[in-house]
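The values are calculated or read from the model by the stated rules, or taken from the named source; none is laboratory data. Bear in mind the structure is a predicted one, so any value in this text is a computation, not a measurement. All Cβ positions, glycine included, derive from the backbone under ideal geometry; neighbour counts span all protein chains shown. Quick note on the areas: whole protein, heavy atoms, side chains included, nothing else; ligands and nucleic acids left out. Shrake-Rupley method; radii C 1.70, N 1.55, O 1.52, S 1.80 Å.
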Amino acid sequence: MNSNDTEHIHRKFKFILGERFTTNSTIREFHAKDASYHVGEPPFAVAFPKKNKEVSDIVKVCLEYKIPIIPYGTGTGVEGGTTSTDDILCISLMEMNDILRVGQDDKDATVQAGVTRLYLNEYLTEIGSQLYFPVDPGADASLGGMAATRASGTSSVSYGTMADNILGLTIITPDGTIVKTGGRAPKSSAGYDLTRLFIGSEGTLGIITEITVKLVTQPESVAAAVCSFTTIEDAVNTVIKVNSVGIHLARIELLDENQMKAVNEYSGLDYDIAPTLFLEFHGSIHSVEEDSKSVREIVVSQGGKDFRWATDEKERDQLWQARYDCFYACLNLRRGAVGYVTDVCVPISNLASCISKTKDLLSRSKLLYTILGHVGDGNFHVVFPLEMGNKDELVEARSLSSQIVEIALMMEGTCTGEHGIGLGKREALYKEHEQGISLMRTIKQAIDPYNLMNPGKVIT
(Lines give C-alpha, C1' and ligand atoms only; values in the text may rest on other atoms or scores of the structure.)
Protein backbone atom coordinates (compact mmCIF):
# COMPACT_ATOMS: atom_id res chain seq x y z
CA MET A 1 0.00 0.00 0.00
CA ASN A 2 1.24 3.48 -0.78
CA SER A 3 0.94 6.28 1.76
CA ASN A 4 -2.33 7.59 0.29
CA ASP A 5 -3.94 4.14 0.47
CA THR A 6 -2.67 3.66 4.02
CA GLU A 7 -4.11 6.99 5.16
CA HIS A 8 -7.42 6.25 3.49
CA ILE A 9 -7.69 2.80 5.08
CA HIS A 10 -6.76 4.16 8.51
CA ARG A 11 -9.54 6.74 8.19
CA LYS A 12 -12.02 3.95 7.47
CA PHE A 13 -10.97 2.03 10.56
CA LYS A 14 -11.04 5.22 12.64
CA PHE A 15 -14.59 5.89 11.42
CA ILE A 16 -15.64 2.47 12.73
CA LEU A 17 -13.72 2.47 16.02
CA GLY A 18 -12.46 5.95 16.80
CA GLU A 19 -9.57 5.80 19.28
CA ARG A 20 -10.00 2.03 19.58
CA PHE A 21 -8.00 1.75 16.37
CA THR A 22 -4.34 2.40 17.12
CA THR A 23 -0.90 2.34 15.54
CA ASN A 24 0.81 2.93 18.89
CA SER A 25 4.14 1.09 18.75
CA THR A 26 3.96 -0.28 22.30
CA ILE A 27 0.50 -1.74 21.74
CA ARG A 28 1.54 -3.16 18.38
CA GLU A 29 4.63 -4.83 19.86
CA PHE A 30 2.55 -6.35 22.67
CA HIS A 31 0.27 -7.99 20.09
CA ALA A 32 3.09 -9.38 17.93
CA LYS A 33 3.39 -12.78 19.63
CA ASP A 34 2.01 -15.24 22.12
CA ALA A 35 3.68 -16.92 25.11
CA SER A 36 5.85 -19.12 22.89
CA TYR A 37 9.38 -18.85 21.52
CA HIS A 38 8.00 -17.75 18.12
CA VAL A 39 9.02 -14.17 17.31
CA GLY A 40 6.75 -11.97 15.22
CA GLU A 41 6.79 -8.50 13.69
CA PRO A 42 4.36 -5.96 15.13
CA PRO A 43 1.11 -5.69 13.14
CA PHE A 44 0.64 -2.39 11.33
CA ALA A 45 -2.27 -1.58 13.67
CA VAL A 46 -4.46 -3.04 16.42
CA ALA A 47 -8.26 -2.77 16.49
CA PHE A 48 -10.34 -3.09 19.68
CA PRO A 49 -13.97 -3.70 18.70
CA LYS A 50 -16.75 -4.02 21.29
CA LYS A 51 -19.65 -5.29 19.17
CA ASN A 52 -20.28 -7.88 16.49
CA LYS A 53 -21.12 -5.19 13.93
CA GLU A 54 -17.81 -3.43 14.53
CA VAL A 55 -15.93 -6.68 13.87
CA SER A 56 -18.04 -7.23 10.77
CA ASP A 57 -17.35 -3.72 9.47
CA ILE A 58 -13.60 -4.10 10.09
CA VAL A 59 -13.52 -7.42 8.25
CA LYS A 60 -15.39 -5.93 5.29
CA VAL A 61 -12.75 -3.20 4.96
CA CYS A 62 -10.02 -5.83 5.18
CA LEU A 63 -11.71 -7.86 2.43
CA GLU A 64 -12.01 -4.77 0.21
CA TYR A 65 -8.28 -4.01 0.50
CA LYS A 66 -7.12 -7.64 0.95
CA ILE A 67 -5.65 -6.95 4.40
CA PRO A 68 -4.83 -10.09 6.42
CA ILE A 69 -6.21 -10.39 9.95
CA ILE A 70 -5.14 -12.03 13.20
CA PRO A 71 -7.73 -12.37 16.01
CA TYR A 72 -6.10 -11.94 19.42
CA GLY A 73 -7.25 -12.94 22.91
CA THR A 74 -4.96 -12.99 25.95
CA GLY A 75 -1.87 -14.17 24.05
CA THR A 76 -1.35 -17.21 26.28
CA GLY A 77 -0.93 -19.74 23.43
CA VAL A 78 2.34 -21.62 23.01
CA GLU A 79 2.42 -22.60 19.33
CA GLY A 80 2.68 -19.18 17.67
CA GLY A 81 -1.02 -19.06 16.81
CA THR A 82 -1.19 -15.27 17.15
CA THR A 83 2.31 -14.42 15.96
CA SER A 84 1.97 -11.51 13.53
CA THR A 85 3.72 -9.81 10.62
CA ASP A 86 4.08 -6.13 9.85
CA ASP A 87 1.47 -6.17 7.05
CA ILE A 88 -1.33 -7.62 9.16
CA LEU A 89 -4.18 -6.10 11.20
CA CYS A 90 -4.54 -7.47 14.72
CA ILE A 91 -8.13 -7.56 16.00
CA SER A 92 -8.02 -7.79 19.77
CA LEU A 93 -11.21 -9.20 21.29
CA MET A 94 -10.36 -8.18 24.85
CA GLU A 95 -12.84 -5.28 24.95
CA MET A 96 -15.59 -7.68 23.92
CA ASN A 97 -15.86 -8.77 27.54
CA ASP A 98 -19.56 -8.72 28.40
CA ILE A 99 -21.40 -11.65 29.96
CA LEU A 100 -24.59 -11.50 27.90
CA ARG A 101 -26.78 -13.93 29.80
CA VAL A 102 -26.74 -16.76 32.35
CA GLY A 103 -29.30 -19.58 32.20
CA GLN A 104 -29.58 -20.89 35.75
CA ASP A 105 -32.11 -23.63 34.95
CA ASP A 106 -30.43 -24.65 31.72
CA LYS A 107 -26.90 -24.46 33.15
CA ASP A 108 -25.49 -22.33 30.35
CA ALA A 109 -24.15 -18.85 29.66
CA THR A 110 -23.52 -16.70 26.61
CA VAL A 111 -20.46 -14.46 26.72
CA GLN A 112 -18.43 -12.29 24.39
CA ALA A 113 -15.13 -13.74 23.21
CA GLY A 114 -12.93 -11.59 25.44
CA VAL A 115 -14.44 -12.88 28.69
CA THR A 116 -11.85 -14.95 30.54
CA ARG A 117 -12.67 -18.15 32.41
CA LEU A 118 -11.80 -16.61 35.80
CA TYR A 119 -13.94 -13.55 35.14
CA LEU A 120 -16.94 -15.73 34.23
CA ASN A 121 -16.56 -17.83 37.37
CA GLU A 122 -16.07 -14.76 39.57
CA TYR A 123 -19.23 -13.26 38.07
CA LEU A 124 -21.20 -16.45 38.75
CA THR A 125 -20.06 -16.35 42.37
CA GLU A 126 -20.99 -12.68 42.70
CA ILE A 127 -24.57 -13.27 41.53
CA GLY A 128 -24.96 -16.12 44.01
CA SER A 129 -25.01 -18.89 41.43
CA GLN A 130 -24.00 -22.42 42.37
CA LEU A 131 -22.81 -22.94 38.79
CA TYR A 132 -19.33 -22.59 37.32
CA PHE A 133 -17.47 -23.10 34.05
CA PRO A 134 -15.22 -26.17 34.47
CA VAL A 135 -12.71 -26.09 31.60
CA ASP A 136 -9.40 -25.05 33.16
CA PRO A 137 -6.26 -24.74 30.98
CA GLY A 138 -4.34 -23.08 33.82
CA ALA A 139 -3.79 -19.71 32.19
CA ASP A 140 -6.60 -17.17 32.52
CA ALA A 141 -7.32 -17.44 28.82
CA SER A 142 -10.21 -15.81 27.00
CA LEU A 143 -13.10 -18.10 26.16
CA GLY A 144 -12.84 -17.03 22.53
CA GLY A 145 -9.21 -18.11 22.43
CA MET A 146 -10.02 -21.33 24.25
CA ALA A 147 -12.71 -22.11 21.67
CA ALA A 148 -10.40 -21.22 18.78
CA THR A 149 -7.70 -23.62 20.02
CA ARG A 150 -10.04 -26.33 21.33
CA ALA A 151 -8.43 -25.94 24.75
CA SER A 152 -8.80 -28.31 27.66
CA GLY A 153 -6.64 -28.60 30.78
CA THR A 154 -6.50 -30.04 34.26
CA SER A 155 -10.23 -30.80 34.58
CA SER A 156 -10.85 -32.31 31.15
CA VAL A 157 -10.58 -35.88 32.46
CA SER A 158 -13.86 -35.24 34.29
CA TYR A 159 -15.61 -32.38 32.50
CA GLY A 160 -14.31 -32.63 28.93
CA THR A 161 -12.64 -30.13 26.60
CA MET A 162 -13.96 -26.91 25.06
CA ALA A 163 -15.44 -29.00 22.24
CA ASP A 164 -17.58 -30.80 24.83
CA ASN A 165 -18.69 -27.63 26.60
CA ILE A 166 -19.78 -25.30 23.80
CA LEU A 167 -23.38 -25.19 22.58
CA GLY A 168 -23.07 -22.43 20.00
CA LEU A 169 -20.94 -19.63 18.58
CA THR A 170 -21.25 -16.30 16.83
CA ILE A 171 -18.76 -16.09 13.98
CA ILE A 172 -17.68 -13.25 11.73
CA THR A 173 -16.82 -14.91 8.43
CA PRO A 174 -14.08 -13.64 6.06
CA ASP A 175 -16.65 -11.63 4.07
CA GLY A 176 -17.95 -9.91 7.22
CA THR A 177 -21.15 -11.93 7.59
CA ILE A 178 -22.35 -12.46 11.18
CA VAL A 179 -23.25 -16.15 11.53
CA LYS A 180 -24.69 -17.93 14.56
CA THR A 181 -23.94 -21.63 14.85
CA GLY A 182 -25.57 -24.13 17.17
CA GLY A 183 -27.90 -22.79 19.84
CA ARG A 184 -28.98 -23.47 23.41
CA ALA A 185 -30.74 -26.78 22.91
CA PRO A 186 -28.95 -29.70 24.62
CA LYS A 187 -28.73 -31.50 21.27
CA SER A 188 -29.44 -30.95 17.59
CA SER A 189 -29.18 -32.85 14.30
CA ALA A 190 -29.88 -29.80 12.12
CA GLY A 191 -27.46 -29.79 9.20
CA TYR A 192 -23.67 -29.64 9.26
CA ASP A 193 -22.09 -29.10 12.67
CA LEU A 194 -20.67 -25.63 12.01
CA THR A 195 -19.92 -25.10 15.68
CA ARG A 196 -17.43 -27.96 15.71
CA LEU A 197 -15.93 -26.75 12.42
CA PHE A 198 -14.92 -23.44 13.99
CA ILE A 199 -13.86 -24.85 17.37
CA GLY A 200 -10.13 -25.47 16.99
CA SER A 201 -9.83 -23.54 13.71
CA GLU A 202 -7.43 -21.04 15.38
CA GLY A 203 -8.86 -17.99 13.63
CA THR A 204 -8.15 -19.36 10.15
CA LEU A 205 -11.80 -19.63 9.10
CA GLY A 206 -13.38 -16.68 10.89
CA ILE A 207 -13.48 -14.69 14.11
CA ILE A 208 -15.33 -16.08 17.13
CA THR A 209 -17.08 -13.20 18.89
CA GLU A 210 -19.61 -14.91 21.18
CA ILE A 211 -19.75 -18.32 22.84
CA THR A 212 -22.58 -20.17 24.55
CA VAL A 213 -21.02 -22.54 27.09
CA LYS A 214 -22.30 -25.24 29.41
CA LEU A 215 -22.02 -24.71 33.15
CA VAL A 216 -21.89 -27.31 35.93
CA THR A 217 -23.00 -27.31 39.56
CA GLN A 218 -20.43 -26.73 42.27
CA PRO A 219 -19.64 -30.09 43.91
CA GLU A 220 -20.79 -30.66 47.47
CA SER A 221 -17.34 -31.82 48.53
CA VAL A 222 -13.82 -31.26 47.15
CA ALA A 223 -10.61 -32.93 48.31
CA ALA A 224 -7.08 -32.77 46.92
CA ALA A 225 -3.98 -34.83 47.56
CA VAL A 226 -0.38 -35.34 46.41
CA CYS A 227 1.47 -38.64 46.23
CA SER A 228 4.95 -39.46 44.94
CA PHE A 229 6.38 -42.57 43.29
CA THR A 230 9.78 -44.14 42.77
CA THR A 231 9.36 -44.23 38.98
CA ILE A 232 7.27 -42.33 36.47
CA GLU A 233 5.98 -45.67 35.14
CA ASP A 234 4.51 -46.48 38.56
CA ALA A 235 2.74 -43.12 38.62
CA VAL A 236 1.30 -43.57 35.14
CA ASN A 237 0.25 -47.16 35.83
CA THR A 238 -1.62 -45.88 38.87
CA VAL A 239 -3.59 -43.52 36.63
CA ILE A 240 -4.37 -46.35 34.20
CA LYS A 241 -5.56 -48.54 37.08
CA VAL A 242 -7.75 -45.78 38.52
CA ASN A 243 -9.36 -45.24 35.13
CA SER A 244 -9.89 -48.96 34.53
CA VAL A 245 -11.93 -49.43 37.72
CA GLY A 246 -14.16 -46.44 36.98
CA ILE A 247 -13.28 -44.18 39.90
CA HIS A 248 -14.38 -40.59 39.30
CA LEU A 249 -11.53 -38.09 39.62
CA ALA A 250 -11.89 -34.41 38.75
CA ARG A 251 -8.16 -33.97 38.08
CA ILE A 252 -5.17 -36.29 37.74
CA GLU A 253 -1.96 -34.42 37.03
CA LEU A 254 1.56 -35.83 36.65
CA LEU A 255 4.79 -33.94 37.34
CA ASP A 256 8.15 -35.63 36.82
CA GLU A 257 11.07 -35.22 39.23
CA ASN A 258 12.52 -32.29 37.25
CA GLN A 259 9.21 -30.44 37.37
CA MET A 260 8.81 -31.13 41.09
CA LYS A 261 12.25 -29.63 41.74
CA ALA A 262 11.18 -26.57 39.75
CA VAL A 263 7.85 -26.33 41.59
CA ASN A 264 9.47 -26.49 45.01
CA GLU A 265 11.96 -23.74 44.13
CA TYR A 266 9.46 -21.47 42.40
CA SER A 267 6.45 -21.85 44.73
CA GLY A 268 8.30 -22.34 48.03
CA LEU A 269 6.99 -25.88 48.59
CA ASP A 270 8.66 -28.96 50.06
CA TYR A 271 7.27 -31.93 48.16
CA ASP A 272 9.41 -34.98 47.35
CA ILE A 273 11.57 -34.50 44.27
CA ALA A 274 10.14 -37.56 42.55
CA PRO A 275 7.46 -38.40 39.97
CA THR A 276 4.28 -37.09 41.57
CA LEU A 277 0.53 -37.15 41.04
CA PHE A 278 -1.72 -34.24 41.96
CA LEU A 279 -5.26 -35.53 42.54
CA GLU A 280 -8.61 -33.85 43.12
CA PHE A 281 -11.90 -35.51 44.04
CA HIS A 282 -15.34 -33.95 43.45
CA GLY A 283 -18.74 -35.26 44.56
CA SER A 284 -20.82 -35.83 47.65
CA ILE A 285 -19.12 -36.13 51.02
CA HIS A 286 -19.68 -39.88 50.92
CA SER A 287 -18.46 -40.40 47.34
CA VAL A 288 -15.32 -38.33 47.91
CA GLU A 289 -14.48 -40.39 50.99
CA GLU A 290 -15.06 -43.66 49.15
CA ASP A 291 -13.17 -42.63 46.02
CA SER A 292 -10.19 -41.29 47.95
CA LYS A 293 -10.00 -44.53 49.94
CA SER A 294 -10.08 -46.62 46.76
CA VAL A 295 -7.45 -44.50 45.01
CA ARG A 296 -5.18 -44.61 48.06
CA GLU A 297 -5.28 -48.43 47.96
CA ILE A 298 -4.31 -48.37 44.26
CA VAL A 299 -1.49 -45.90 44.95
CA VAL A 300 -0.03 -48.13 47.66
CA SER A 301 -0.36 -51.22 45.44
CA GLN A 302 1.65 -49.43 42.73
CA GLY A 303 4.47 -48.47 45.11
CA GLY A 304 3.36 -44.90 45.79
CA LYS A 305 3.65 -43.05 49.07
CA ASP A 306 0.59 -42.28 51.15
CA PHE A 307 -1.47 -39.20 50.33
CA ARG A 308 -0.34 -35.79 51.46
CA TRP A 309 -3.65 -33.95 51.73
CA ALA A 310 -4.45 -30.36 50.88
CA THR A 311 -7.20 -30.19 53.45
CA ASP A 312 -8.75 -26.75 53.06
CA GLU A 313 -9.52 -24.35 50.21
CA LYS A 314 -6.42 -22.23 50.81
CA GLU A 315 -4.13 -25.27 50.65
CA ARG A 316 -5.90 -26.56 47.53
CA ASP A 317 -5.54 -23.19 45.86
CA GLN A 318 -1.83 -23.16 46.70
CA LEU A 319 -1.42 -26.68 45.34
CA TRP A 320 -3.15 -25.98 42.03
CA GLN A 321 -1.51 -22.59 41.65
CA ALA A 322 1.80 -24.40 41.83
CA ARG A 323 0.58 -26.68 39.06
CA TYR A 324 -0.57 -23.70 36.96
CA ASP A 325 2.83 -22.06 37.45
CA CYS A 326 4.75 -25.09 36.15
CA PHE A 327 5.77 -23.34 32.93
CA TYR A 328 7.21 -20.36 34.81
CA ALA A 329 8.75 -22.66 37.41
CA CYS A 330 10.58 -24.47 34.63
CA LEU A 331 11.86 -21.18 33.18
CA ASN A 332 13.00 -20.23 36.67
CA LEU A 333 15.46 -23.14 36.58
CA ARG A 334 17.53 -21.12 34.13
CA ARG A 335 17.90 -17.35 34.41
CA GLY A 336 16.57 -15.47 31.39
CA ALA A 337 15.29 -18.61 29.65
CA VAL A 338 12.62 -18.69 26.96
CA GLY A 339 10.19 -21.59 26.97
CA TYR A 340 9.72 -24.17 24.24
CA VAL A 341 6.66 -26.31 24.98
CA THR A 342 5.33 -29.33 23.16
CA ASP A 343 2.43 -31.64 23.94
CA VAL A 344 1.11 -34.95 22.66
CA CYS A 345 -1.79 -37.20 23.60
CA VAL A 346 -2.12 -40.98 23.32
CA PRO A 347 -4.63 -43.65 24.31
CA ILE A 348 -4.23 -44.01 28.05
CA SER A 349 -3.25 -47.69 27.69
CA ASN A 350 -0.17 -46.50 25.75
CA LEU A 351 0.68 -43.62 28.07
CA ALA A 352 3.28 -45.32 30.28
CA SER A 353 5.18 -46.61 27.25
CA CYS A 354 4.98 -43.22 25.48
CA ILE A 355 6.32 -41.29 28.46
CA SER A 356 9.02 -43.91 29.07
CA LYS A 357 10.22 -43.68 25.46
CA THR A 358 10.09 -39.89 25.67
CA LYS A 359 12.16 -39.87 28.87
CA ASP A 360 14.69 -42.20 27.23
CA LEU A 361 14.93 -39.87 24.23
CA LEU A 362 15.36 -36.79 26.41
CA SER A 363 17.99 -38.46 28.59
CA ARG A 364 20.32 -38.54 25.58
CA SER A 365 20.05 -34.77 25.15
CA LYS A 366 21.96 -32.10 27.04
CA LEU A 367 18.89 -29.86 27.13
CA LEU A 368 17.21 -29.23 30.45
CA TYR A 369 13.55 -30.31 30.42
CA THR A 370 10.52 -31.04 32.56
CA ILE A 371 7.52 -33.31 31.93
CA LEU A 372 4.02 -32.64 33.20
CA GLY A 373 0.59 -33.47 32.00
CA HIS A 374 -3.09 -34.18 32.27
CA VAL A 375 -2.41 -37.89 32.36
CA GLY A 376 -5.97 -38.83 33.20
CA ASP A 377 -6.78 -38.36 29.51
CA GLY A 378 -3.41 -39.38 28.06
CA ASN A 379 -2.05 -35.85 27.49
CA PHE A 380 1.41 -34.72 28.59
CA HIS A 381 3.75 -31.79 27.95
CA VAL A 382 7.50 -31.34 27.70
CA VAL A 383 8.97 -27.94 28.55
CA PHE A 384 12.48 -26.89 27.52
CA PRO A 385 13.93 -23.72 29.14
CA LEU A 386 16.17 -22.50 26.33
CA GLU A 387 18.86 -19.84 26.35
CA MET A 388 17.50 -16.72 24.70
CA GLY A 389 18.85 -16.43 21.15
CA ASN A 390 20.66 -19.80 21.22
CA LYS A 391 19.89 -21.18 17.76
CA ASP A 392 21.57 -24.53 18.39
CA GLU A 393 19.36 -25.19 21.41
CA LEU A 394 16.26 -24.19 19.46
CA VAL A 395 17.18 -26.58 16.63
CA GLU A 396 17.68 -29.41 19.11
CA ALA A 397 14.40 -28.66 20.92
CA ARG A 398 12.55 -28.70 17.59
CA SER A 399 14.17 -32.01 16.67
CA LEU A 400 13.25 -33.55 20.02
CA SER A 401 9.69 -32.25 19.73
CA SER A 402 9.40 -33.84 16.29
CA GLN A 403 10.67 -37.15 17.64
CA ILE A 404 8.22 -37.03 20.56
CA VAL A 405 5.41 -36.53 18.04
CA GLU A 406 6.68 -39.55 16.07
CA ILE A 407 6.57 -41.66 19.23
CA ALA A 408 3.00 -40.53 19.96
CA LEU A 409 1.81 -41.15 16.41
CA MET A 410 3.30 -44.65 16.41
CA MET A 411 1.19 -45.26 19.51
CA GLU A 412 -2.03 -44.14 17.80
CA GLY A 413 -1.91 -40.72 19.42
CA THR A 414 -2.05 -37.14 18.22
CA CYS A 415 0.60 -34.45 17.74
CA THR A 416 -1.22 -32.10 20.13
CA GLY A 417 -3.83 -32.73 22.79
CA GLU A 418 -4.67 -29.11 23.52
CA HIS A 419 -2.07 -26.55 22.36
CA GLY A 420 -3.17 -26.49 18.74
CA ILE A 421 -1.09 -26.22 15.57
CA GLY A 422 -0.35 -22.52 15.04
CA LEU A 423 3.09 -22.17 13.47
CA GLY A 424 4.91 -24.71 15.57
CA LYS A 425 3.17 -27.94 14.61
CA ARG A 426 2.26 -27.55 10.94
CA GLU A 427 4.68 -30.28 9.89
CA ALA A 428 3.38 -32.55 12.65
CA LEU A 429 -0.18 -32.03 11.39
CA TYR A 430 0.88 -33.26 7.94
CA LYS A 431 2.38 -36.37 9.50
CA GLU A 432 -0.79 -37.08 11.44
CA HIS A 433 -3.38 -36.25 8.78
CA GLU A 434 -1.63 -36.74 5.48
CA GLN A 435 -4.87 -37.77 3.75
CA GLY A 436 -6.99 -35.12 5.47
CA ILE A 437 -4.85 -32.05 4.74
CA SER A 438 -6.24 -31.66 1.21
CA LEU A 439 -9.79 -31.62 2.61
CA MET A 440 -8.77 -29.03 5.21
CA ARG A 441 -7.30 -26.89 2.42
CA THR A 442 -10.54 -27.22 0.43
CA ILE A 443 -12.55 -26.00 3.43
CA LYS A 444 -10.13 -23.11 4.02
CA GLN A 445 -10.22 -22.08 0.35
CA ALA A 446 -14.02 -22.21 0.23
CA ILE A 447 -14.52 -20.09 3.33
CA ASP A 448 -11.48 -17.79 3.04
CA PRO A 449 -10.55 -17.65 -0.68
CA TYR A 450 -8.15 -14.72 -0.24
CA ASN A 451 -6.38 -16.32 2.76
CA LEU A 452 -6.96 -13.27 4.98
CA MET A 453 -7.79 -15.07 8.22
CA ASN A 454 -4.65 -15.75 10.28
CA PRO A 455 -2.63 -16.70 7.20
CA GLY A 456 0.20 -19.21 7.50
CA LYS A 457 -1.21 -20.88 10.60
CA VAL A 458 -2.39 -24.51 10.87
CA ILE A 459 -2.16 -25.23 7.12
CA THR A 460 -0.26 -23.49 4.33
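Structural remarks
- In the chain, the longest principal axis of the Cα atoms and the axis of helix 232-244 are about 80 degrees apart.
- Trp309, Trp320, reordered so the largest accessible area comes first (probe 1.4 Å): Trp309, Trp320
- Region 135-210: chymotrypsin sites (Phe, Trp or Tyr not before Pro) in DSSP coil with no more than 14 other Cβ atoms inside 10 Å: Tyr192
- Sites excluded, GluC sites (Glu not before Pro) in DSSP loops with at most 16 other C-beta within 10 Å, longest stretch of the chain: 221-411
- Applying a DSSP loop filter and a limit of 13 other Cβ atoms within 10 Å to the trypsin sites (Lys or Arg not before Pro) in region 273-361 leaves Arg335.
- The chain: angle of helix 3-17 to the longest principal axis, Cα-based, in degrees nearest 10: 70
- Rounded if a/c under 1.5, otherwise prolate or oblate - region 374-460, Cα gyration tensor axes: oblate
- Where the chain is the region considered: accessible area per residue in Å², 1.4 Å probe: 44
- On Cα atoms only, tilt of 437-447 relative to the major axis of the chain in degrees: 40
- Pairs beyond 19 Å (Cα-Cα), from Lys51/Lys180; Lys357/Lys391; Lys107/Lys187; Lys214/Lys293; Lys425/Lys457: Lys357/Lys391; Lys214/Lys293
- Separation of region 374-405 and region 74-129, taken as the distance between their Cα centroids, equals 28 angstrom.
- Where only DSSP H runs of four or more residues are counted, the chain gives -11000 deg cm²/dmol as its mean residue ellipticity at 222 nm, each run worth -39500 (n - 2.57).
- Region 330-460, accessible surface, carbon-and-sulfur percent (1.4 angstrom probe): 52
- Surface composition of region 167-310: carbon plus sulfur atoms contribute 51% of the solvent-accessible area (1.4 Å probe, protein chains only, all chains present).
- Region 308-412 shape via C-alpha gyration tensor axes, a/c threshold 1.5: oblate
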